[in-house]
1. Length gain on complete extension for the stretch His160 to Asp380, per 0.36 nm per residue less the alpha carbon to alpha carbon distance?
2. Which ³J(HN,Hα) values in Hz, rounded to whole numbers, follow from the phi angles of the stretch 23-34 under the Karplus curve 6.51 cos²θ - 1.76 cosθ + 1.60, where θ = phi - 60° and Gly and Pro get x?
3. Would you mind ranking Leu463, Leu308, Leu61 so that the residue whose beta carbon has the fewest other beta carbons within 10 Å leads the list?
4. If you rank Phe60, Phe126 by fewest surrounding Cβ atoms within 10 Å, what's the result?
5. What does the highest-first list of 314-322, 34-42, 88-96 look like by mean Cβ count within 10 Å?
6. Once amide H atoms are built 1.01 Å from N in the peptide plane, which residues 5 or more positions from Arg289, or in another chain, come under 5 Å H to H?
7. Using a 10 Å cut-off around each Cβ, can you sort Lys133, Lys231, Lys291 from fewest to most neighbouring Cβ atoms?
8. Near the amide H of Leu171, under 5 Å away, which other amide H atoms are found, from residues 5 or more places off or on another chain, if H is placed in the peptide plane?
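Nothing in this text is a laboratory measurement; each read-out follows from the coordinates by a stated rule. Bear in mind the structure is a predicted one, so any value in this text is a computation, not a measurement. Here the Cβ positions follow ideal geometry from the backbone for every residue, glycine too, while neighbour counts run over all protein chains shown.
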Amino acid sequence: MATTQQRRIRPLFGIGLLCALLFLLATLIHALDGLIELYERAAAVGAWLPWLLNGVFGGFLLLALGFTAWWLLPRRRRQRRVVDEPTLRAQLRSQADAGVDVSRALAELDELDARRQAGQVHVALFGETSSGKSSVIKALLPDAATRSDVVAGTTRSCQHHAWTTAAGDTLILVDAPGFSHDPDDTRMATEEAIRAHLVLYLCDGDLTRSEWAQIERLAGFGKPMVLAVNKSDQFRDDELEAIRQQIAERFTRGARPQVVGITAGGMEPVTRIDPDGHEQEVLRPRRPRIKPLQLAIERSLHRDPAALTELRDSAVFQLADDALNEAQRSHQRREAERIIATHTRAAVVGALAALSPGSDLVIQGAIGTRLVRALCRLHDVRVREVDVEAVLRDAGGTSRKSSALALAVAGNALKAFPGMGTVTGGLVHAVAYGLIFDAFGHALADALRRSGALSPETVAEGLAERLDDDLSAAARRIASLALRRTPERRTR
């Protein structure tokens, strides 16, 4: 039945394809005819005009070819910012004076100094949990005290082992935890791989998405890598070659990891036949085959030892720089919270005597101006007076639309405090004003942190989103503040 239908469809498909080709040919002839007519008319106007048309068409063709190449060719990974040691240490001193906790970045540089003085070459084994890292250590060092159980993630800390190669080089093999769903183990393993001279990446075959992400991150630090496909005895030669080709397509020639096939050992299931013919499946030790890995390690270390050390130092500088940037962001978030809380308290105190929610004070008040300038200084954003006024004006327009909501939330928050007597209008207005001011401060800090610029539209959008969220927790906090700032009233 299917064959008969195919026989009927095939002529129709051929006729349709012929019609499409004829239409394409007619379109091409029509376009060429129009182009010839255009050139004849241009030549009639002046001898220079056809040359101008040639330049226009040539430029358009080059632009089209460039766009096509940009679209089809693989994207080059963005290079990380190069960090040198003197600049990094100067930044550490400057940020420490500013109150930033730089202990983690300093610890990276101290560890680097210790490894420089020891003069040891570190080789980190890296991969997912249960990928065979501990088995590789056991194969290289039979007397090493490693644990290689069937339970995933046996290695929970970095273990260092001294190994002397056949060429007489003494290396430090680092067995790091396998990266998994535990972010602490993943961070520990990744940082140890960055500190090493060479990374041995173990996998069991085709790379998963998470494995690709880890490899590309290490490549971004410029780490030399040897990718070892474990249990290679289970793959055919063409399958191993396909994995090598897949790696080659993802990396440039200079950053391409070596790919070798190994068998790390461990246990393998076999079927045993008893004398009575009964079959049972048992586990037996798998014979390790890691000679290709040993040769790849020696090639990588002997190719250019000075460049290997330079790449290690550069990667550690970048790791310390990342730690410094994270410390700066944490410091900014803490300081931003302190600044917002200080100005919100001032706003609540100033609004206690007001007869309206006071959203216009966000536009005209000195407190709002001081808040904007303080947060801009914290995020190293230079602003003009006109920018401050624009931000406050747009924020005031947004807050006026939410004044009723803020009043309602403030009233409900004050009802949560028993024994306070009658809730007066001034308290409700003060809490509502504090809510608006608190939301405005956080929206402003978020915008500065994300874009590094003062954008009135972005701040107004962030303020609207925060005022649309659940304000109950913030309202109770600000209501408590307002009550502490309010003199005791006689209850009736």
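1. 74.9 nm
2. 5, 5, 5, 4, 4, 5, 5, 5, 5, 5, 4, x
3. In increasing order of surrounding Cβ atoms, one gets Leu61, Leu308, Leu463.
4. Phe60, Phe126
5. 314-322, 88-96, 34-42
6. Thr263, Ala264, Gly265
7. Ordered from fewest to most neighbouring Cβ atoms within 10 Å, Lys133, Lys231, Lys291 come out as Lys291, Lys231, Lys133.
8. For Leu171, whose amide H was placed from the backbone, the distant partners under 5 Å are Trp163, Thr164, Thr165.
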